[in-house]
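The values are calculated or read from the model by the stated rules, or taken from the named source; none is laboratory data. All of these numbers come straight from a predicted model, not from anything done at the bench. Glycine also receives a Cβ, built like all others from the backbone with ideal geometry; neighbour counts cover every protein chain displayed. In case anyone asks, the SASA skips ligands and DNA or RNA and just uses the protein heavy atoms, side chains included. Shrake-Rupley method; radii C 1.70, N 1.55, O 1.52, S 1.80 Å.
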Amino acid sequence: MSAHSLPVVDLENLDLDALRTVTHEIGFFHLAGHGIDQRLTDDLIAAARAFFALPEAEKLEIENVHSPQFRGYTRVGGERTQGYVDWREQLDIGPERAAVYPVDPARPWDVLHGPNLWPARVPQLRDLALEWMARAQDVGLRLIRGWASSLGAPADFFDAAFDDPDPLLKIARYPGHDGSVTGQGVGSHKDVGALTLLYPEPTSTGFQVETGTRDGGTAWLGVDPIPGHFLVNIGELLEVATGGYLRATVHRVLPPAAGTDRVSLPFFLNPGYDQSLPTVLLLPELAAAARGVGSDEHGGTLHARYGLNALKSRLRAHPNVTERYHRDLLDLPALRT
């Protein structure tokens, strides 16, 4: 498959059969017709570049080690996927909420609620990021309703789970190098939420999707961005809700070439941490093609409740925050499987 072989879905003129088919067969597509003003996206990327250009000491003023909610800045090499170091720096931004204290042990995901950390030297980043997240959330909810309809359920079938969602925006920069440091920008993984809207800079390279081969093996498909389009994939929650009919696909990012870098905006639309997506009663012909629910990238259990998946992922990805604030959570049985 070539780098341009992923299908394009037009949200403005949404073809439900095409939406269902591509996320059953591949799990990834380019999205046109989303309606987000390109100037807003460009302004957000410019603000992100202004932040990443700050001296390291100033970026570390909002390092995520200061946030029990895993928000703020992660330095290059500060995150892990599959236990290996990812070569990117990033800002993690969620809904602006009050921190929960004390946390009910029956609701451990409540440790993820809280405020964001914002850079004082780039004040425009806050408003741009929050506005962009609101627009991306609207796009994601339209897709969620499209999937419900495409599967034979009412369009509002999943709506209740998203009454008070817990989305996440990562603003990521991948520094280029000669490959001697690490082979991964971000290691191979599935996304833990409902869906991901990724906006990569138009000239960026290195994003790869795992695909099947004719002999039953797997291969990596390099995906070039299309200017003005999102790259969309579903997360594990929709795989669980459809018994594996819709596919959460493994993907990864390779480091850019030495002397270059890449900025991207992955937005993860998730239900509330305490919510589970209802199970879709598939039409018989769809149910016959469902593959069952797989494991997470570590071979562990995929939980229907979003908060358990999210918390397990954050604890593994950011050991510095886990060690400082949440060592006790590592002993919870649901987070060890």
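Residue by residue, here is whether (1) hydrophobic (A, V, I, L, M, F, W, C); (2) in contact with a strand residue (DSSP E or B) (Cβ under 8 Å, 6 or more places away or on another chain) holds:
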site: Ala136; (1), (2): yes, yes
site: Ala148; (1), (2): yes, no
site: Asp156; (1), (2): no, no
site: Ala160; (1), (2): yes, no
site: Pro175; (1), (2): no, yes
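Run Leu128 past the list (1) in contact with a strand residue (DSSP E or B) (Cβ under 8 Å, 6 or more places away or on another chain); (2) under 30 Å from Ala257 (Cβ atoms); (3) aliphatic (A, V, I, L, M); (4) open to solvent by 10 Å² or more (accessible area, probe 1.4 Å) and report the number of the one that doesn't hold.
Here Leu128 meets the rest and fails (1).
I'm trying to understand the selection: among the residues of segment 62-86, which are at pLDDT below 95 and either surrounded by 24 or more Cβ atoms within 10 Å (Cβ to Cβ) or in a strand (DSSP E or B) (or both)?
Passing the criteria: Glu79, Arg80, Thr81, Tyr84, Val85, Asp86.
May I ask you to list the residues in segment 3-36 that are free of Cβ contacts under 8 Å to residues at least 60 places away in the same chain and either open to solvent by 40 Å² or more (accessible area, probe 1.4 Å) or at negative phi (or both)?
Answer for segment 3-36, where residues must be free of Cβ contacts under 8 Å to residues at least 60 places away in the same chain and either open to solvent by 40 Å² or more (accessible area, probe 1.4 Å) or at negative phi (or both): Pro7, Asp10, Glu12, Asn13, Asp15, Ala18, Thr21, Val22.
Being at pLDDT 95 or above and not in a strand (DSSP E or B) is the filter; apply it to segment 247-273 and report the residue that is surrounded by the fewest Cβ atoms within 10 Å (Cβ to Cβ).
Among them, the one singled out is Gly272.
One residue is enough: does segment 99-113 have a residue meeting the conditions more than 15 Å from Leu329 (Cβ to Cβ), open to solvent by 20 Å² or more (accessible area, probe 1.4 Å) and of a type in the set (Ser, Thr, Tyr)?
no
Tell me, which strands (runs of 3 or more DSSP E) wholly within segment 149-225 include 3 or more residues that are at pLDDT 95 or above, closer than 30 Å to Leu283 by Cβ and not acidic (Asp, Glu)?
Filter on segment 149-225 gives 195-200.
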